[in-house]
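The structure under discussion appears below in the form of structure tokens.
The values are calculated or read from the model by the stated rules, or taken from the named source; none is laboratory data. Everything numeric here is computed off the predicted structure, so don't read it as measured data. As a convention, Cβ positions derive from the backbone with ideal geometry for all residues, glycine included, and neighbour counts pool all protein chains shown.
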Amino acid sequence: MKKIFGSILFFAVMTVSNVQALTNSTSSKISQLTIGSNFARVQLESMTEMEGCSQQQYYILDISENKNSAMLSALLAIKSMGSMVIIQGDGCLQGFPLISHIYYY
């Protein structure tokens, strides 16, 4: 059941990304997660290049105004459980791809 749900979610994400022209990472595990006062950096085991950003080593989650605190909590849980994740990027922050959505299973 979990694999079926993951497969459906993966294909739904890919379909939505084509409509919205956003970029998705490949399905992967989080290899590194660092948290600062204004942003969190996420590195996956398999990074996907996001269009228009000069830096591709990390994906960035803007936490400067606590508007993404739920996504930060999800990233911490995903990392601790070793779950697979797909990160959707929309734009850049300090040259790094900016995280807009997180899909995990």
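Quick check on Met50: is it in contact (Cβ under 8 Å) with a residue 40 or more places away in the chain and in contact with a Lys or Arg (Cβ under 7 Å, 6 or more places away or on another chain)? No: the conditions fail for Met50.
If you go through the range 60-69, how many residues are hydroxyl-bearing (Ser, Thr, Tyr) and closer than 12 Å to Gln94 by Cβ?
Our first condition is that a residue be hydroxyl-bearing (Ser, Thr, Tyr); within the range 60-69, this holds for 64, 69.
So of that shortlist, the ones also closer than 12 Å to Gln94 by Cβ come out as 64.
Selection size over the range 60-69: 1.
Ser46 falls short on exactly one of the conditions (1) among the small types (Gly, Ala, Ser); (2) part of a loop (DSSP other than H, G, I, E, B); (3) more than 17 Å from Tyr104 (Cα to Cα), and that condition is (3). Residues in the range 37-53 that are more than 17 Å from Thr26 (Cβ to Cβ) and either aromatic (Phe, Trp, Tyr) or at pLDDT 95 or above (or both): 3 in all. In the range 25-47, the residues that are farther than 24 Å from Ser64 by Cα form Cβ pairs under 7 Å with partners that are part of a strand (DSSP E or B) and among the small types (Gly, Ala, Ser), at six or more places apart or across chains, as follows: Glu45/Ser28; Glu45/Ser31; Ser46/Ser28. Look at Thr34 and say whether it is closer than 16 Å to His101 by Cβ and either in contact with a strand residue (DSSP E or B) (Cβ under 9 Å, 6 or more places away or on another chain) or acidic (Asp, Glu) (or both). So Thr34 fails the test.
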